[in-house]
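> Sharing a structure, written as structure tokens. Questions coming.
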Amino acid sequence: MIPWLRPDDPFAPFPPVDTALAEPAGPNGLLAAGGDLSLPRLLAAYRQGIFPWFNPGEPILWWSPDPRMVLFPAEFKCSRSLRKRMRVPDHEIRVDTAFTRVMQACAAAPRKGQRGTWISPAMVAAYTAMHTGGYAHSFETWMEGESGPELVGGLYGVALGRAFFGESMFSRRTDASKLAFAQLVAELSARGFEIIDCQMSTPHLASLGAREIPRAQFRALLDQLTAQPGDPGPWHVRAALGLAA
């Protein structure tokens, strides 16, 4: 059985991450259940490489998979087609101007092989509180629509020290989320970030340069990077995208 966290004690410690379940045909990384989505609990979780992921109607489930999918900004693979798309002056990338809308759009985006979403109203409220506190950020792609600029793609995640934890993305037009992701990598590089946590392995993430590393290595990196000074939010675009062929 996995440990149960009391919801009335946001400072109660998580169990060690190496006690998480590691079943070949079952849940990889399920660590604990219960607790709450308060700011202290979420910050403590991310600093240890733990994140909440659960469906509506389930208790809060906390995860720390092994291995861990990560992207080192210097290893980002920007395809020639994406570089070409970035040159087209039909879009604007904004940061932290519509955080809650980005989360809601991610919740509404269809996911192959999934029914519903884990981004519940409670999750939106919790991460919006993190955003208000300067810890969570959104990268947004805007394009002109019938009545003015429209939010057509983007992503959100959590920044602690010099580590960024990607959560989810959405796209309503071709390459809209990729454009936001390219700006994310540029911004993190300019701000001295050294790692982007991608959580779970997917072919799409691998195509962008992400790779798996052992959980122990990931934890060691977090101990170093989350202890460094962070950049309080909200953020603004300050990094120019590299558009060399």
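> Just to verify a result, which residue in segment 179-204, among those that are surrounded by fewer than 22 Cβ atoms within 10 Å (Cβ to Cβ) and among the charged types (D, E, K, R), is modelled with the lowest pLDDT?
Only one residue fits best here, namely 191.
> How do the pairs read when you match residues in segment 174-194 that are under 14 Å from residue 96 (Cβ atoms) with residues anywhere that are acidic (Asp, Glu) and at pLDDT below 95, using Cβ under 8 Å and keeping only pairs 6 or more apart or on different chains?
Listed by first residue and then by second, the contacts come to 191/231.
> Follow-up. Would you please name the residue that is modelled with the lowest pLDDT, looking only at residues in segment 1-14 that are over 15 Å from residue 43 (Cα atoms) and of a type outside the set (Asp, Glu)?
Looking at the filtered set, the residue picked out is 1.
> Scan segment 232-241 and give yes if some residue there is open to solvent by 50 Å² or more (accessible area, probe 1.4 Å), farther than 22 Å from residue 108 by Cβ, of a type in the set (Lys, Arg) and assigned to a strand (DSSP E or B), otherwise no.
no
> Might you let me know whether segment 188-199 holds any residue that is touching an Asp or Glu at 6+ places or on another chain (Cβ under 9 Å), in a helix (DSSP H, G or I) and within 22 Å of residue 240 (Cβ to Cβ)?
Yes: one or more hits.
> Which members of segment 10-46 meet the condition of being open to solvent by less than 50 Å² (accessible area, probe 1.4 Å), touching a residue at least 24 places away in the same chain (Cβ under 8 Å) and touching a Gly at 6+ places or on another chain (Cβ under 8 Å)?
10, 17, 20, 41
> Could you tell me which residue of segment 57-72 is farthest from residue 28 (Cα to Cα), considering only residues that are open to solvent by 20 Å² or more (accessible area, probe 1.4 Å) and either in a loop (DSSP other than H, G, I, E, B) or β-branched (Val, Ile, Thr) (or both)? Quick ask: steps written out before the conclusion?
First, the residues of segment 57-72 that are open to solvent by 20 Å² or more (accessible area, probe 1.4 Å): 57-61, 63, 66-67, 72.
If we keep only those that are either in a loop (DSSP other than H, G, I, E, B) or β-branched (Val, Ile, Thr) (or both) too, we end up with 57-60, 66-67, 72.
Working: 57: 21, 58: 18, 59: 17, 60: 16, 66: 7, 67: 9, 72: 23 Å.
Across segment 57-72, the extreme among qualifying residues is 72.
> Among the residues of segment 205-230, count how many are part of a loop (DSSP other than H, G, I, E, B) and either at pLDDT 95 or above or more than 14 Å from residue 165 (Cα to Cα) (or both).
8
> Quick one: would you say residue 54 is touching a residue at least 60 places away in the same chain (Cβ under 8 Å) and touching a Gly at 6+ places or on another chain (Cβ under 9 Å)? It would help to see each step written out before you state the result.
Details: touching a residue at least 60 places away in the same chain (Cβ under 8 Å): yes; touching a Gly at 6+ places or on another chain (Cβ under 9 Å): no.
Judged against the criteria, residue 54 is not a match.
The values are calculated or read from the model by the stated rules, or taken from the named source; none is laboratory data. These numbers were taken from a predicted model, which means no experiment stands behind them. Virtual Cβ from ideal backbone geometry, glycine too; neighbours counted across all protein chains shown. With ligands, DNA and RNA removed, areas are computed over all heavy atoms of the protein, side chains included. Shrake-Rupley method; radii C 1.70, N 1.55, O 1.52, S 1.80 Å.
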